Amino acid sequence: MIEGYDSIETLSAAMSTVFLVWLLPALGALFIAFAGFSAGTDPDAAVNVQQMTQTLQVAEGVLGFFTVCLFVYWAIRARENIRRLGKSSKIGLGRIFLRHCGAVLVAVAAFVVAVLVPSLQVAGFVVGVLALVWFSLMFNMMAFATMQKLWRTSSQPTGSEDELPSLGFAWLVSWVVAGWTLGSARPHDDGMAMDIGTEAILLAVHGFALGIAAVSVALLVRQVAARQESRLGAIIAYVDVDVAGGSRAVTTDQINNAWEASGNLVDFNR
């Protein structure tokens, strides 16, 4: 066993289960959407749908806080193994933070231009809104970058790193869509409720997107754990850990050289 490596298989199984729990609010959103489509013009039914929507939002908020805390803990545990597997553990979250925070400055400048220059009012407003949307994606992109790093650094030591599969992109897109649609399906601040049909459509989209996101990320966290264990097995099988320096991390060059050398141990010539 490599000094300092801490398996995340059990933690990943728990993390995967938590993500699959999100299928319950996904089904709840679809049920409320169906109730909304069936409400028609009945004002009492519309009020019930809005109340159920608000309850769903509160429930998802509580579950979301717990999920985010556990995901951060899981990511930290998984990241601690990266250097022990012979890779750099730098993710670049600081660059993502600065890049998205810079969007706030762009939005402010765009809105100022829209106010001071009437001919650029529409363009300034559009740029400002898009910049704020980009800023709102900061934590989503941080989570995605973390998953990318964990996936790539757990590749088999063959000299190349596998890119995050399309499952990761599906998780990111569906996660963002689920958040936006649920946030939009709520009464306006002036007390005027959204049209019940529109709210039902948003909830239906939210339910489907949330289900896709839950299943996608549940599969990803399990696969990351399995890939780390697989890479560890390759290191143990083909690298002399004592020669690598006792408790020091095994380098990528040592892993790659041992991996290539191991190919000479098998002869397929008849």
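The values are calculated or read from the model by the stated rules, or taken from the named source; none is laboratory data. This structure is a prediction, so every number in the text was calculated from the model and none was measured. Because the Cβ atoms are built from the backbone with ideal geometry, glycine has one as well, and the counts that use them run over all protein chains shown. The accessibility values were calculated without ligands, DNA or RNA, using every heavy atom of the protein model including side chains. Shrake-Rupley method; radii C 1.70, N 1.55, O 1.52, S 1.80 Å.
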Taking a probe of 1.4 Å, how large is the accessible area per residue of the range 11-68, in Å²? 54 Å²
Cα convex hull of the range 49-161: mean projected area in nm², to one decimal? 11.0 nm²
Could you give log10 I(q)/I(0) at q = 0.15, 0.24, 0.25 Å⁻¹ for the range 25-83, computed by the Debye formula over C-alpha point scatterers of equal weight, without solvent? -0.57, -0.90, -0.94
Ignoring ligands, DNA and RNA, please state the percent of accessible area on the range 1-146 from carbon and sulfur, probe 1.4 Å. 74 percent
Can you list which of the trypsin sites (Lys or Arg not before Pro) found in the range 28-96 are DSSP loop residues with at most 16 other C-beta atoms within 10 Å? Lys90
For Ala14, the net charge from surrounding residues (Cβ-Cβ under 13 Å; K, R +1; D, E -1) works out to +1
Largest-first ranking of Tyr5, Tyr73 by accessible area, probe 1.4 Å, whole protein assembly kept, is Tyr73, Tyr5
